[in-house]
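Each remark here refers to the structure printed beneath this line.
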Amino acid sequence: MSELRLIRHGQATPFEADTDRLSPLGETQARAVGAAFQAEGWVPTHVLHGPLVRQRRSAGLAAGQASGWPAATQDARLAEFDGDGLIRTLAPLLAARDDAFAAQVAAFRASDPQTRNSTFQALLETVAAAWQAGTLTHPDVETWAAFRARVLAALADTLALPGGSRVAVFTSGGVIGLTLARVLDATDATALRLNWRVRNASVTRLTFGGGRVSLDSFNEEAHLPPAERSWR
């Protein structure tokens, strides 16, 4: 049997102008992943990461805490869905036609640091649900169908690796949620619900081989001290 470990990137910078980089906490979290694997004696035979800076940097920092890792391979199919596009392009379109959503946008803009995360999450879930349903689209934003197709193609290639493979994949919450929904034969809506719960630098473990794939654990973060845990 083979093992697949899905690692979400460390904390990024979602409310800054450049959202695709690790925060100082995110760098600490990524190093903790590699240190935990090293302490466990788990050495991957394959290391994959998406093309985003936060994904690539997380993989590099983790590898720097361990020995014997192979060179990492970048796979564009492991990129997160276009969260910036959902907020910057699709959200204004939805606000223009939906008063209830426009109120969510106003609540976010008026939020203080204590309520910013919760109001943003409510806004993002509404936009993402419409995007996933195909009722909210724009030519500049990747569709849910396209996102789903590329992630599942990457998963199929991973599951075709030789028996005994140990695969570390550094990616993002949406990719992890969709992968788990596929493994569990769950709905696309479940993929988004799982995505919202994936913590920064968490580890999700699967076993595969012989045409089967099984979920062993979800969202592990015991390698992080409580003060260093985050979900955004």
Restricting to segment 205-221, and then to whatever is in contact (Cβ under 8 Å) with a residue 60 or more places away in the chain and under 17 Å from F170 (Cβ atoms), can you tell me which residue is most open to solvent (accessible area, probe 1.4 Å)?
R205
Return the pair list, or none, for Cβ contacts closer than 8 Å from residues in segment 108-133 that are touching a residue at least 60 places away in the same chain (Cβ under 8 Å) to residues that are among the acidic types (D, E), at least 6 apart or on different chains.
Q132/D188
For A71, state whether it is of a type in the set (G, A, S), closer than 24 Å to G163 by Cα and surrounded by fewer than 18 Cβ atoms within 10 Å (Cβ to Cβ).
yes
When every residue in segment 151-191 that is open to solvent by 10 Å² or more (accessible area, probe 1.4 Å) and small (G, A, S) is compared, the one nearest to F37 (Cα to Cα) is G164
If F81 satisfies all but one of (1) open to solvent by less than 30 Å² (accessible area, probe 1.4 Å); (2) free of Cβ contacts under 8 Å to residues at least 60 places away in the same chain; (3) in a loop (DSSP other than H, G, I, E, B), what's the number of the condition it fails?
(2)
For segment 103-126, what are the residues that are polar (S, T, N, Q) and either open to solvent by 50 Å² or more (accessible area, probe 1.4 Å) or part of a helix (DSSP H, G or I) (or both)?
Q104, Q114, T115, N117, S118, T119, Q121, T126
Residues in segment 119-142 that are within 19 Å of the chain's Cα centre (by Cα) and not acidic (D, E) total 12
If the requirement is being part of a loop (DSSP other than H, G, I, E, B) and either of a type in the set (D, E) or open to solvent by 50 Å² or more (accessible area, probe 1.4 Å) (or both), which of these qualifies: A12, A17, A39?
A17
So, of the residues in segment 88-102 that are within 14 Å of E125 (Cα to Cα) and aliphatic (A, V, I, L, M), which turns out to be most open to solvent (accessible area, probe 1.4 Å)?
A100
Picked from segment 192-204 (must be farther than 21 Å from D20 by Cα and not aliphatic (A, V, I, L, M)), the residue least open to solvent (accessible area, probe 1.4 Å) is T204
Considering L61, L22, L6, L86, which residue is in a loop (DSSP other than H, G, I, E, B) and either touching a residue at least 24 places away in the same chain (Cβ under 8 Å) or under 19 Å from the mean Cα position of the chain (by Cα) (or both)?
L22
Residue under evaluation D98, criteria (1) at pLDDT below 90; (2) more than 24 Å from the chain's Cα centre (by Cα), criterion not met
(1)
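The values are calculated or read from the model by the stated rules, or taken from the named source; none is laboratory data. Remember, predicted model here, so these are calculated numbers, not experimental data. We place every Cβ from the backbone using ideal geometry, glycine too, and count neighbours over all the protein chains shown. With ligands, DNA and RNA removed, areas are computed over all heavy atoms of the protein, side chains included. Shrake-Rupley method; radii C 1.70, N 1.55, O 1.52, S 1.80 Å.
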